[in-house]
1. Working only within segment 50-92, note down all residues that are open to solvent by less than 60 Å² (accessible area, probe 1.4 Å) and either in contact with a strand residue (DSSP E or B) (Cβ under 9 Å, 6 or more places away or on another chain) or more than 27 Å from Leu106 (Cα to Cα) (or both).
2. Could you check segment 76-124 and list, in sequence order, the residues that are over 17 Å from the mean Cα position of the chain (by Cα) and closer than 16 Å to Leu149 by Cβ?
3. Looking at Ala85, Ala73, Ala78, Ala64, which one is touching a helix residue (DSSP H, G or I) at 6+ places or on another chain (Cβ under 8 Å), at pLDDT 85 or above and assigned to a helix (DSSP H, G or I)?
4. Can we say Leu131 is open to solvent by 60 Å² or more (accessible area, probe 1.4 Å) and either farther than 30 Å from Leu54 by Cα or assigned to a helix (DSSP H, G or I) (or both)?
5. Looking at segment 107-119, is at least one residue surrounded by fewer than 19 Cβ atoms within 10 Å (Cβ to Cβ), touching a helix residue (DSSP H, G or I) at 6+ places or on another chain (Cβ under 6 Å) and not in a helix (DSSP H, G or I)?
6. For Leu100, are the conditions met, namely being surrounded by 15 or more Cβ atoms within 10 Å (Cβ to Cβ) and of a type outside the set (Lys, Arg)?
7. Taking the stated definitions as given, is Gly129 under 30 Å from Ala73 (Cβ atoms) and at pLDDT below 85?
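The values are calculated or read from the model by the stated rules, or taken from the named source; none is laboratory data. All figures in this text were calculated on a predicted structure; none of them were measured in a lab. So basically every Cβ, Gly included, is an ideal-geometry build from the backbone, and we count neighbours across all protein chains shown. The protein model used for the area step is the full one, side chains on, heavy atoms only, and it has no ligands, DNA or RNA in it. Shrake-Rupley method; radii C 1.70, N 1.55, O 1.52, S 1.80 Å.
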Amino acid sequence: NCLAAPPCRFRSIFDFRLCGLNLPRRQPSPHCSMFFKLLILFILVPIVELFLFLRIGVRIGLPATLAVILLTAVIGAALTRSQGARTLANFRQAMGRGQLPHREALDGLLILLAGAVLITPGFLTDTVGFLLLFPPARHAIRGRLGHYLKGRIRIIDPPTGTRDSAEQNPKDSDFIDI
């Protein structure tokens, strides 16, 4: 009997079941599932890119394939820069109006992602990057991303009353808001 032995030593996971003990069940961590999703993404994307390089390279030739890759990198960098500057200006305008620039912040993140995937050589990543730089596609993705993040982010309004922090909290009278 395994339970009668003073220090019951287990050689494998099956010994727990033979002794009548159950292993503690772990809840799957959301970080663990995200890790596996990213792992699959980082494995599948290069395989698809390699497949596309070979298929397109055979049809149009190596020099043309390399030219297309370099051309998309240059065009993508220019578009990323212009779209990023426009989004930054919109961000500053929203802040100047006293509005929360959530749309502009999400646009900025999507443009940053577009720039990152456009730097990566490949036809699939270039397609994704150019789609992220196309404002109607970015608007649709921003809407879905905003809906996804809405339940995960809480914005807490400041307490009502005066804006002077010294009047709200007398302990903080050493600080002056400018």
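1. Leu52, Phe53, Ile56, Gly57, Gly61, Ala64, Thr65, Ala67, Val68, Ile69
2. If the condition is that a residue be over 17 Å from the mean Cα position of the chain (by Cα) and closer than 16 Å to Leu149 by Cβ, then Leu100, Pro101 are the ones that fit.
3. On the way: Ala85 fails: touching a helix residue (DSSP H, G or I) at 6+ places or on another chain (Cβ under 8 Å); Ala78 fails: touching a helix residue (DSSP H, G or I) at 6+ places or on another chain (Cβ under 8 Å); Ala64 fails: touching a helix residue (DSSP H, G or I) at 6+ places or on another chain (Cβ under 8 Å).
Going through Ala85, Ala73, Ala78, Ala64 in turn, just one is touching a helix residue (DSSP H, G or I) at 6+ places or on another chain (Cβ under 8 Å), at pLDDT 85 or above and assigned to a helix (DSSP H, G or I): Ala73.
4. Values: open to solvent by 60 Å² or more (accessible area, probe 1.4 Å): yes; either farther than 30 Å from Leu54 by Cα or assigned to a helix (DSSP H, G or I) (or both): yes.
Considered against the rule, which asks whether it is open to solvent by 60 Å² or more (accessible area, probe 1.4 Å) and either farther than 30 Å from Leu54 by Cα or assigned to a helix (DSSP H, G or I) (or both), Leu131 comes out as yes.
5. Within segment 107-119, not a single residue is surrounded by fewer than 19 Cβ atoms within 10 Å (Cβ to Cβ), touching a helix residue (DSSP H, G or I) at 6+ places or on another chain (Cβ under 6 Å) and not in a helix (DSSP H, G or I).
6. Numbers: surrounded by 15 or more Cβ atoms within 10 Å (Cβ to Cβ): no; of a type outside the set (Lys, Arg): yes.
It is false that Leu100 is surrounded by 15 or more Cβ atoms within 10 Å (Cβ to Cβ) and of a type outside the set (Lys, Arg).
7. Working: under 30 Å from Ala73 (Cβ atoms): yes; at pLDDT below 85: no.
Against the criterion (under 30 Å from Ala73 (Cβ atoms) and at pLDDT below 85), Gly129 does not qualify.
Rundown of residues vs (1) of a type outside the set (S, T, N, Q); (2) closer than 29 Å to Ile69 by Cβ; (3) touching a Lys or Arg at 6+ places or on another chain (Cβ under 8 Å), yes/no style:
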{"residue": "Pro101", "(1), (2), (3)": "yes, no, no"}
{"residue": "Asp107", "(1), (2), (3)": "yes, yes, yes"}
{"residue": "Leu112", "(1), (2), (3)": "yes, yes, no"}
{"residue": "Thr120", "(1), (2), (3)": "no, yes, no"}
{"residue": "Leu124", "(1), (2), (3)": "yes, yes, no"}
{"residue": "Leu133", "(1), (2), (3)": "yes, yes, no"}
